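J.: Structure below; questions to follow.
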Amino acid sequence: MKSKDDVISTIEIALELEKGSLNIDTRMGSIEQWDSLGHLSILSSLDILFDGLIGPISNISEAQSVEDILNILIENKLIDS
Amino acid sequence: MKNMEKIKFNLTNTAIDLYLFDGIFKPTGTTKLLVDSVVTNCNGLVNKKILDLGSGSGVVAISLNKEGLGNNNFYASDLNDNTVECVLHNASRNNCKINVKKGSLFEPWYQEKFDLIIDDISGVSSEIAEISGWFDGVPCASGVGGDILTNNFLEDSVNYLNTGGIVFFPVISFSNIESILSTAKNNFDSVECVARSDFMLPESLKSHIDILEKLKEAGYITFENRFGTIIWYTEIYKAYNKT
């Protein structure tokens, strides 16, 4: 199973940020790269990480922060809490 | 003094300030993708005639000037009454020289020929244009399939290209892609997709999903349902004739 660190690292790569740039409290819009295009890049990258299991999640586009994304992945049993 | 809105348009290495006069279209993600595609594919072009068709504020011509194509001759046109004044204002503020005219499609360019023509005219279904807020008073006579103006452009553009000339045009999935690509292939030997960007449904369209579904069902538009939202896209095409 993938870890929270794997997810955060994938988000950093999707947004072309240096490793360690994000933490659980980082919110969409708080950094320049995380706009609507960046958000779609995150979701597409996570979909690759989880072998296509992110696309069908109906509320993931509404996530507004790293914490929201992690919580949705936990709810969907894709990572451990 | 004209009413105008100041905006910043981000390029790869810098940003330009633009002023939008009344009724002038605000540049979008499609405009940015179009500029990036031309820059990538036309690196090193010198002393050529470049036409920015559907120029709005002059954003494409000015951006290309700033992104390494400044040693070419720029032309621009659009049908808005404020086009000429707006493009000249922005060109002057960005130290660019652009020959600008008012008129629809190729109407202002009778008997002119160009080496590069960049189409940034309305290319989404008129029903979506109406509900999206993207056009905000700017005319959009693209038809329910969003293909009328782009097809007219593709059919006419061959008459305005020098030998070896190239056109770049966007195809937006909120239009009849099949119709547009069929027209392109009927008029050009080579039609190649050079860039694509996916977008999430903007807030302004979230309350109109029923209309989008109806247009998709009727074959006028295309989109995917993913991540609990609608994902649509823009592709940039490069087309030319071999002789």
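Just so you know, all these numbers are worked out from the coordinates, no wet-lab data involved. As the structure is a prediction and not an experimental result, all values here were calculated from the model. Quick reminder, even Gly has a Cβ in these numbers, built from the backbone with ideal geometry, and neighbours come from all protein chains shown.
J.: Counting just the Cα atoms, what span does the range B:170-243 cover along each of its three principal axes? Round to the nearest Å and put the largest first.
T.: Computed over the Cα atoms, the extents are 49, 23, 18 Å.
J.: Per q in 0.10 1/Å, what log10 I(q)/I(0) does a Debye calculation on the alpha-carbon atoms of chain B return?
T.: Result of the Debye calculation: -0.44.
J.: Now for a different question. Can you put B:Ile236, A:Ile72 in order of Cβ neighbours within 10 angstrom, beginning with the fewest?
T.: Going from least to most buried by this count: A:Ile72, B:Ile236.
J.: Also: Extent of chain A along each principal axis, from alpha carbon coordinates, in Å, largest to smallest?
T.: If we take the Cα atoms of chain A, the spans are 30, 22, 20 Å.
J.: How much of the DSSP bridge set in the protein assembly as shown is antiparallel, in percent, rounded to the nearest 5?
T.: 60 percent
J.: Go through the range A:3-78 and name the trypsin sites (Lys or Arg not before Pro) that are in a DSSP coil and have 14 or fewer other Cβ atoms within 10 Å of their Cβ.
T.: Loop-located and lightly packed - A:Lys19, A:Lys77.
J.: For a distance above 24 Å, tell me the whole-number percent of Cα pairs in the range B:44-160 that qualify.
T.: Result for the distance tail: 27 percent.
J.: Using a Gaussian network model on chain B with a 10 Å cutoff between Cα atoms, which of B:Pro108, B:Pro170, B:Pro27 fluctuates the most?
T.: Of B:Pro108, B:Pro170, B:Pro27, the Gaussian network model singles out B:Pro108 as fluctuating most.
J.: Using the Karplus curve 6.51 cos²θ - 1.76 cosθ + 1.60 with θ = phi - 60°, work out ³J(HN,Hα) for each residue of the range B:146-157 in order, rounded to whole Hz, and write x for Gly and Pro.
T.: Computed from phi, the couplings for the range B:146-157 are x, 9, 4, 5, 5, 5, 4, 4, 5, 5, 7, 4 Hz.
J.: So which GluC sites (Glu not before Pro) in the range A:11-81 pass both tests, a DSSP loop state and at most 16 other Cβ atoms within 10 Å of the Cβ?
T.: A:Glu16, A:Glu18, A:Glu32
J.: Still on this model: Among A:Leu43, A:Asn23, A:Leu53, flag the residue with its Cα farthest along the positive direction of the charge dipole of chain A, charges on Cβ as +1 for Lys/Arg and -1 for Asp/Glu.
T.: Most positive-ward Cα: A:Leu53.
J.: Provide, for q = 0.10 Å⁻¹, the log10 of I(q)/I(0) from a solvent-free Debye sum over equal Cα point scatterers in the protein assembly as shown.
T.: -0.63
J.: Which of the trypsin sites (Lys or Arg not before Pro) found in the range B:183-243 are loop residues per DSSP with 14 or fewer other Cβ atoms within 10 Å of their Cβ?
T.: Qualifying residues, ordered by number: B:Lys242.
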